[in-house]
Structures are given as structure tokens and as C-alpha cells.
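Below: one structure, written as C-alpha cells.
The values are calculated or read from the model by the stated rules, or taken from the named source; none is laboratory data. This one's a predicted model, so the numbers in the text were calculated from it and none came from an experiment. Because the Cβ atoms are built from the backbone with ideal geometry, glycine has one as well, and the counts that use them run over all protein chains shown. Just the protein is used for accessible areas: all its heavy atoms, side chains included, with ligands, DNA and RNA removed. Shrake-Rupley method; radii C 1.70, N 1.55, O 1.52, S 1.80 Å.
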Amino acid sequence: MTALHNILKYMSIVAAMLLFGLPAAAQSVLSELLPDVSAGDLVEGADAFGAIHDDLPAVQVLQNGERIGWAFVTSDFVSTTGYSGKPIHTMVAVDDDAQVTGVELVKHSEPIVLIGIPDSKIKALVANYRGLDLVAEAESGGTSHDLDIISGATVTIMVIDDSIIRAGLKVARQLGLGGLAVEQEGTGPRYEIDPDAEAAQDWMTLEGDGTLRRLSLDVGQVNAAFAAMDDPRATRRALTEAPETTFIEMQAALVSHPAIGQALLGEAEAANLQSWLDEGDHAVAIFGRGIYSFKGSGYVRGGIFDRIVLIQDDISVRFRDRMHKRINSIAADGAPEFNEADLFKIPADSGFDPSEPFRIQLLVQREVGAIEKIFTTFDLGYVLPENYLQLVAAPEGSDVSAAVQEVTTQSESSAHQALWKRIWRDKEVEIAVLAVMLTVLTGVFFFQSFAVRNERWFFWFRISFLTVTLVYLGWYANAQLSVVNLMALFGSLVSGFSWQAFLLDPMTFILWFAVAAALLFWGRGAYCGWLCPFGALQELLNRIAKALHIPQWTLPWGLHERLWPLKYMIFLGLFGVSLASIEQAERLAEVEPFKTAIILNFVRAWPFVAYAAALLIAGLFVERFFCRYLCPLGAALAIPARLRMFDWLKRYHECGNPCQTCSNQCPVQAIHPTGEINPNECIDCLHCQVLYQSETTCPVVIKKLRRRAKVGAAPDLSRNIAGHPNQPKTQTAT
């Protein structure tokens, strides 16, 4: 029991030390980030911050001791998340007229899109929000301003914009800025869905009575919209189709209403829809045809439909892949043919009210360069017809101020818990695939003698597994671990530890926990040799190089052994820098090419691409060159890996003296000439275990087989001699 207790204790400690996350929030995000922000940098002319408001996380902005506005962090008011699944912390300042006077991107976890984008572009974009009129945004539903997009960061910029508008409106209303006030809930007539309402069964009637709403754009209208922009490149890249060509016809309906769902989807599919929706959820059906897709292809990689967003007042809902289902057939009579027909779930916690007007905003993009695009938007407005609603009496004595107070004082812990649970639900498929991969790999390690028995089968199994690691874990799920994770974790351990914060990224959480367990059983090789996407990329490219007969270089053992410490020196250097400045350490961590090759798919500034390409080219001649000599993450994992409790790799007494077969064939030269396997360098590829059982390569096995053959042949030879016709017979003495 003591040993089991120690094992569990070790796994918990190592998992905690390897997971990365955000510092736990004690009270509000504002109180944590405020010391890192200069009032003068945020608002021109300001010289200090004053007191924090008693009832909500907003701080006074002072000039010569006088308050000139309020500052707040958007993530204290809205839970908008980016590609990383984590909030993007933006500090915003507003004056008493509800005018935005300053915006600063304070903290984010967006390696997918923001790493590699010049900082000047981000600063220029957020600076454009100065002067934004929140009163006008409240009147227009958040659309009175133009949205600037940075190519390569579409979703992140849209998330930042969304959080600034929504949070800004909440703060302005609660503080009464610009004449805005908290909307009085329950003080007037309210409506709710009438479940007994009926809907027409044909498409034309549904269009006519407003059940279906349409947005129609032709090529001429779209060209005119881009021509009205200030960028002349948009006009030069105008669509060449005839002006009357349908660019997109998009129709929408609120199919979570039972009658509308049955009319458009049919009774069976409407029932399936209702079972898909949780309590309080709603769903909208969107149909489209024309030369432009409202879905695009960005959701395939990033999981977010970046061309459409549902907006209702200061609420916006961006749809993810787990909130989406395809419509296979339309039940309504006379329905036209559509290129696309899809269902999108509106979560209950979004604050959406089906009885109130909303709009589907369509983002239209135009390529103006090799990888550069510009954007404009069009709206499809929707109001659920009154015949689908019923009046609800307003509750008496509703305490609006108490409701506001409850929202503004909601604990950060509860908000984080709701957030990570929603993210895990959205990532169910990815989690399931990763769980299958980990289960298969665990089985291979536990039953390695059986797994490596067939050399050819095991070779193709490993190639297939590495391909899934590269394509799925790396390029699709972006589940590439990094030494930056460890440095960020150390910072969180110093400032405060929170499991809920770690759970915000399910793929990374599961991978790091698996790494912690693997270090106990097998060492670092389980991750480095099988689950690291960049390692898989190196090995697969080297396999191609071998097939093309590119010469392979084997470094002399003395030089090879002296190059090993480089990665440990790099890791210790990065760790030392992180103690002084985590930001500087993260910049120096670009020694890892993971972001360039895996996260950003080589779409980055040329020095980063050239560096990653140079490492991959070196790997064509020296297998896993980066893993052997430069990887700081491998070094970081090798240090605790020395605590592993089991030795799974089998060896013969003859290994190293005199046999050098495994040492010569080890892909990363992790076997000493004397026969010992260096666990700090071994990637657990199991090639030595294939050789251990090989009847054609391993001298020890071959020798045993020959000895068995001789022993088996001796009795047969004796029998053959005794029965030979020329053999003289033994005479019996009389």
C-alpha cells in the first residue's frame, strides 16, 4: 500500500509540474493584471489609476488626481474565448460619455494565430478602437464601427472585437456612462415560445410569413461593397462573374421552435434536434447557395465557423464544430436546392432570447495577395413572428440591482468551471481520438514482445501512428507540447495554483498527464518517440530520405556524446531567464521550431521558416537531429525520467561485447558501444526490441537457432545410420 501511495503521489506531483495553465484568479482579472499596465500607456494624458469600484471590477483612470474615466478587463465581464479555448484579456478605458479612450491587449494564450504576427500590427489594430462610441454601438447592436482584420488572425481579432463591444456595453450600462442604463428585466411585457403554435408546411408560405428570412447578394453588390472601401486592391481583385450572378442567397429560421423544426426538418429529424439540444439551448437552421460558402473551410482546422456569427444586442454567439450538424434533407414542400444546409446550436448560457430580434452576420473575404485578405460584413436580420410566441406576465418586485450585483460578483472559480466544462464538451471527438491513441500506445508498450514479433507489421504500424500524430495531433488539433508550457506552469505555481485553469485546454491537459504517467513507467521516450508531432515530422521525412537513397551520416561516438549536453544547457538557460522575465524566455524559446512547423504550418516570417527548414534538412541526413542535440523540452522531460521505476527494454549479455548490432542500428544512437541504453536519449522506438527477436539479424538469436538445429539433428542422424543397408550387423555370441 505504501508503494502504491507513493506512486499516486508521484503522478499527482509530476502531472501538476508538467501541466500548463493560467494563474488562478483570487478576485478578478483586473486586480491581477493592473500592476502590469501603465495608465499613461493605456490612456493618453493619464498618470495613475485610482480606486477600484465597490460593485464591479473597474478602476478609476486619473489625470492630476481627477478621474477622467474607468478601465476594466474584458474577461471580467464576458467569457469570449479564442482558438486556444482561453479568454483573451484586453484592458479597455472609457470616459463618462461612453467613448473608448484606450485599449491594450494585456494577456492572451493564442499561439495558433498571434505568434509570428508582428506586434506592431496588433498595437495598430487595438489603437483603432480609441474614439469608439459605445452609445452608438448600443443603438446599432454593436455594428456601428468597421471591423479591421489582420490576415492570419481572423478569428482572434473577431473575438477581441466582440469582447470589447460586449464588455464595454456592460460596464457603460452598469456605471451609467453616456446616458446608458441597465436594461430593466421583468418590468414590461415579455414573450416566450408558444409550444402549441403551428407552422405552414410549404417553403413559399414560410418565407411569406417571416418564418424564414433571407439575405440575397449578387456579384455586383459585393463588388460595390469592396469598391467603397479605402483599399484600392479590393477593386483590382473584383469578381469577374456577371454582376447579376448570385454571390450568396442565405436563409435562416429558428428551428428550435417545435413547429418550425417539424415543418423544415420533418418529424423524425425535429425529434433528433430536440434530443441534441440541452435545456435552454436553441438552434438556427441556415441554408445557402451561390458561389460563396457561409461555412468556408476554417472550421475543419480550427473548429470555429469564422464566416458567420449570431448577434443579439450585446450578445454574440460564434459557432464551433461541436455546435454544428448538417441537414440532409428539407421536409418543407417546394424547397429550393441549396448547396449548404446546416444546424447551429445556440447554448443556453449565451443569454440568447428567442423572442427578441437577432441577426446572422456574414463575413465576406477577398484575397488581395498571396496570403492576405480583406473583409466586409452583411447582415441577415431575423425576428420570430408573433404567432409563434405567447405573452408572459412580468414578475412583481423584481430586484434589478440585486441581479446586477449577482452577476458582477460571481466568483471567478465558478466562471472557470463553467468555461472548461463547455470546452471539454466541444472537444469530445478530439478527446476520444486522443484516448484511443493513448490506449493503443499503452498496449504496445505493455505487450511489446508480442507487438514487435513481426518486423514488417511493426514498421508500418509505427509509420501509421507517427502519421496520425503529425497530421491529427499536430496540424489539426495543435496539440504540440512545448517548453513554454513548463515555464508558464512554474509562474502559475509561484503565483497560485488552480486545476480549473489547467482544464481549459483538454488536449494539452490529457497529453501532459499521460506524459507524467509515462515518465514513471517508460521515461521520456513515450512522448518524444510517439506523440511529439515535430518529432514525427522529422522521422517521416528521414524515412522518405532513406527511400530516396539520401546518404545518412553517423556521427563519431565521441562527438555525438559531447553534443548531448547542448539541449540541457538550452533548457537551463531558458529556465533561468524565465525567473527574471517569462516574456523574454518565451521569445528565446523560439529555439523550438514547433510553432512554425506545427502550429502555424510554416505561414510565418521567413527567418522562422528558414530556421525550421534548416533543422528538417539536417534531419534528412542525421535522423531526429533536433531531438538529439537541441530540444529543450526533451531535456526537461529527461531529468524527471531518471526516476522511472521499470526497465522494459530487454538485453542479452552479449549486447555491446562483442555484439554491436543494436548500437549501430539505433536511430538516435542512444545505445552505448558497451551495450547500455541511455534512458535520457532513448525515444522508445522499440527497434532494438525488434532486433532482440530477429532470427535474421541478431547474432545471439541466430546462434541459439543453430544450436537447437544441431541438437535436433543428432538423433535423426543416429537413426539413419542404424538403418543403413551397408551397416554391418552386430553378431550375438553363443
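Here's the picture: charge each Lys and Arg Cβ at +1 and each Asp and Glu Cβ at -1 in segment 188-245, and of TYR191, GLY208, ASN223 the one pushed furthest to the positive end of that dipole is ASN223. Report ILE308's accessible area, 1.4 Å probe, all protein chains in place, as a number in Å² to the nearest 10. Looks like 0 Å² after rounding.
For ARG190, the amide hydrogen comes within under 5 Å of the amide hydrogens of VAL392, ALA394, counting only partners 5 or more places away or on other chains and with H modelled in the peptide plane.
Ligands, DNA and RNA aside, LYS107 has an accessible area near 60 Å² when probed at 1.4 Å. The figure for GLU676 is an accessible area of roughly 100 square angstrom, using a 1.4 Å probe on the protein chains alone.
As a test of reading the structure, rank TRP530, TRP648 by solvent-accessible area (1.4 Å probe, protein chains only), most first.
On the way: TRP530 0, TRP648 70 Å².
The ranking, largest first, comes out as TRP648, TRP530.
Report the one residue of GLN669, PHE646, HIS687 whose Cα lies farthest in the direction of the positive end of the charge dipole of segment 641-698 (charges on C-beta: Lys and Arg +1, Asp and Glu -1; origin at the Cα centre). Projecting each Cα onto the dipole axis, the largest value belongs to PHE646. Compute the distance from the alpha-carbon center of segment 504-524 to that of segment 426-449, in whole Å. Using only Cα atoms, the two centres lie 12 Å from each other.
Multiply the residue separation of ALA709 and THR442 by 0.36 nm, subtract the distance between their alpha-carbon atoms, and state the gained length in nm to one decimal. Intermediate results must be reported in sequence, preceding the final value.
Working: separation 267, 0.36 × 267 = 96.12 nm, distance 3.65 nm.
So the extension gain works out to 92.5 nm.
Just to verify a number: FRET efficiency for TRP606 and GLU367, C-beta to C-beta distance, R0 = 25 Å, to 0.05?
Numbers: r = 20 Å, r/R0 = 0.82.
Efficiency for this residue pair is about 0.75.
Here the 3J(HN,Hα) profile of segment 331-343, calculated from phi with Karplus coefficients 6.51, -1.76 and 1.60 at θ = phi - 60°, is 7, 5, 5, x, 5, x, 7, 10, 6, 9, 8, 9, 9 Hz, Gly and Pro shown as x. Once C-alpha pairs closer than 8 Å and six or more residues apart are averaged by separation and normalised to the residue number of segment 521-629, the relative contact order reads 41 percent.
Please give the Cα centre distance for segment 303-342 versus segment 632-681, rounded to the nearest Å. With segment 303-342 and segment 632-681 each reduced to a Cα centre, they are spaced 54 Å.
Distance between the C-alpha centres of segment 461-490 and segment 227-298: 34 Å, rounded to the whole angstrom.
The phi-based Karplus calculation (6.51 cos²θ - 1.76 cosθ + 1.60; θ = phi - 60°) puts the 3J(HN,Hα) values of segment 67-78 at 6, 10, x, 10, 10, 8, 9, 4, 5, 6, 10, 9 Hz, whole numbers, x for Gly and Pro. For segment 657-712, the per residue solvent-accessible surface stands at 52 Å², with DNA, RNA and ligands left out and a 1.4 Å probe. Once the chain from ILE544 to ASP231 is taken as fully extended at 0.36 nm per residue, the excess over their C-alpha distance is 108.2 nm.
Using DSSP to call loops (not H, G, I, E or B), can you name the trypsin sites (Lys or Arg not before Pro) in segment 639-676 whose Cβ has at most 15 other Cβ atoms within 10 angstrom?
On the way: sites: ARG642, ARG644, LYS650, ARG651; in loops: ARG642, ARG644, LYS650, ARG651.
Sparse-neighbourhood loop trypsin sites (Lys or Arg not before Pro): ARG642, LYS650.
A Förster radius of 25 Å combined with the Cβ-Cβ distance from TYR568 to PHE521 puts the calculated FRET efficiency at roughly 0.65. Residues in segment 509-597 average 42 Å² of solvent-accessible surface per residue, probe 1.4 Å, ligands and nucleic acids excluded.
How would LYS546, LYS567, LYS427 rank on accessible area, largest to smallest, probe 1.4 Å? Kindly include the intermediate steps, with their values, before the conclusion.
Working: LYS546 80, LYS567 0, LYS427 55 Å².
If we order LYS546, LYS567, LYS427 from most to least accessible, we get LYS546, LYS427, LYS567.
Of the peptides 435-447, 127-139, the ranking by mean beta-carbon count within 10 Å, highest at the top, reads 127-139, 435-447.
On full extension of the chain, what length is gained from ASN64 through ASN272, given 0.36 nm per residue of separation minus the C-alpha to C-alpha distance? Mind showing how you got there, number by number?
Numbers: separation 208, 0.36 × 208 = 74.88 nm, distance 6.26 nm.
Contour length minus the Cα-Cα distance gives 68.6 nm.
Using a Förster radius of 45 Å, what is the FRET efficiency between ARG190 and GLU244 based on their Cβ-Cβ separation? Nearest 0.05, please. After rounding to 0.05, the efficiency reads 0.55.
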